[in-house]
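Report on one structure; see the data block that follows.
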Amino acid sequence: MEKKTLVVKLGTSILTGGTRRIDRAHMVELVRQLAQLHREGHHVVVVTSGAIAAGRELLGHPALAPTMPNKQMLAAVGQSHLIQIWQRLFDIYQLHVGQMLLTRADLEDRERYLNARDTLNALLSHRIIPVINENDAVATTEIKVGDNDNLSARAAILADADLLILLTDQQGLFTADPRSNPDARLIEEVHEITDELRALAGDSVSGLGTGGMATKLQAADVATRSGIEVVIASGKTPELIGRLAHGERIGTRFTAQANPLESRKSWILAGPPPHGELVVDDGAARAVQSKGSSLLPKGISQVCGTFERGDVVRVLSSQGKELARGICRYNATDLQRIAGKHSDEIESCLGYGYGPVAIHRDDLVLLKGDTQ
């Protein structure tokens, strides 16, 4: 079976079972399923809600005004409690977890986005389970992603995931509210998210979390546009995660709208204008154009302009012809110091490193003609 990268989002209602306490019995069942997929060679990412609920439980459910500082206080207490639970449960299967706390600011700033992506990829490459949550202890209304459904979509993009699973207390998206309409039918597959579908989505009714079906549709829209398949399904369905990973049709499945690599490369061409230029030698030009190689610092002969890590730059031949555009792994100052050097000299030269390439081939778009 083809190895996949899966992002599984667990809402507060799933983690608590609709009660005021964290449902550890259900969590260990979910961890068992995730551990099985991990043993099969798949990459697994967990996006978890529940920090505020965990904080309330740990403090004995104090009567607090629903102010932002109180919520942040509960999240600060609950985050460490929640990650300890995850660690203990995954430890049953001799698996390590790594916590990532993110805000919208981390994902909208290009350099911080790349740092988050590098951290996530490093965890996965070392077979560590990333456990991601919004950093509610410091986030404000202006910088919050808004809910962990939308956070999970962005985490799936960070991980170049194949599948995003949104677990909820409903079986999926219905033609009407199944709690009040006995004629409501499950929508098994969605190829396009329309205004009619959005009208079907309701708000959270558990009172325990912030996400409803509307935010799950938003997340599905973001993920599918980036080439990621999405499923909304009930977290109570037996063996659900493994069955979905193996292609079984359960819940509501949203088909991917684009190839994620091509989507990223389209952004490079259609996005912000280039911030600088890298002139490369003839050997690097041939490797990039004919072999589909990444651009290494060794092949760079000149660095022009001022740009930051994560900015788009033009790649020029020694004759000044534009060969490609790409997203730089290093800023202009760093590249000036490592240009012409072998990749294994980067860390000794800079004192740190973001990997052996200046521009990875997945972040590089070749140009067939001159583009000004």
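The values are calculated or read from the model by the stated rules, or taken from the named source; none is laboratory data. What you see is a predicted model, and the numbers here were worked out from it, not measured in a lab. Note: ideal-geometry Cβ built from the backbone for every residue, glycine included; neighbour counts use all protein chains shown.
Structure values in brief
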{"quantity": "Condition met for ALA76 (over 16 Å from PRO130 (Cα atoms) and crowded, with 19+ Cβ neighbours inside 10 Å)", "calculated": "no"}
{"quantity": "Filtered residue count, region 66-114, keeping only those that are of a type in the set (A, V, I, L, M, F, W, C), under 18 Å from VAL47 (Cα atoms) and part of a helix (DSSP H, G or I)", "calculated": "10"}
{"quantity": "Qualifying residue in region 359-366 (condition: touching a residue at least 60 places away in the same chain (Cβ under 8 Å) and out of contact with any helix residue (DSSP H, G or I) (no Cβ under 9 Å at 6 or more places or on another chain))", "calculated": "yes"}
{"quantity": "Whichever residue in region 9-29 is part of a helix (DSSP H, G or I) and not hydrophobic (A, V, I, L, M, F, W, C) and, among such residues, is surrounded by the most Cβ atoms within 10 Å (Cβ to Cβ)", "calculated": "SER13"}
{"quantity": "Wholly within region 253-369, helices (runs of 4 or more DSSP H) carrying at least 1 residues that are at pLDDT below 90, surrounded by fewer than 16 Cβ atoms within 10 Å (Cβ to Cβ) and not assigned by TED's automatic domain parsing to the domain that holds ASP109", "calculated": "260-270, 282-290"}
{"quantity": "Leading residue by the ranking (surrounded by the fewest Cβ atoms within 10 Å (Cβ to Cβ)) among those in region 89-117 that are in contact with a Lys or Arg (Cβ under 9 Å, 6 or more places away or on another chain) and among the charged types (D, E, K, R)", "calculated": "GLU111"}
{"quantity": "Pairs where the first residue, in region 177-196, is at pLDDT 80 or above and the second is polar (S, T, N, Q) and not in a loop (DSSP other than H, G, I, E, B), C-beta under 6 Å, 6+ apart", "calculated": "ILE187/THR252"}
{"quantity": "Scope region 107-139; condition of a type in the set (A, V, I, L, M), at pLDDT below 80 and within 15 Å of the chain's Cα centre (by Cα); matching residues", "calculated": "LEU107"}
{"quantity": "Residue match in region 310-321 (condition: touching a residue at least 60 places away in the same chain (Cβ under 8 Å) and hydrophobic (A, V, I, L, M, F, W, C))", "calculated": "no"}
{"quantity": "Filter result for the condition that a residue is assigned to a helix (DSSP H, G or I), in contact (Cβ under 8 Å) with a residue 60 or more places away in the chain, under 13 Å from ILE129 (Cα atoms) and not acidic (Asp, Glu), over LEU6, LEU37", "calculated": "LEU37"}
{"quantity": "Counted residues, region 40-65 - those being in a helix (DSSP H, G or I), within 27 Å of ARG127 (Cα to Cα) and among the acidic types (Asp, Glu)", "calculated": "0"}
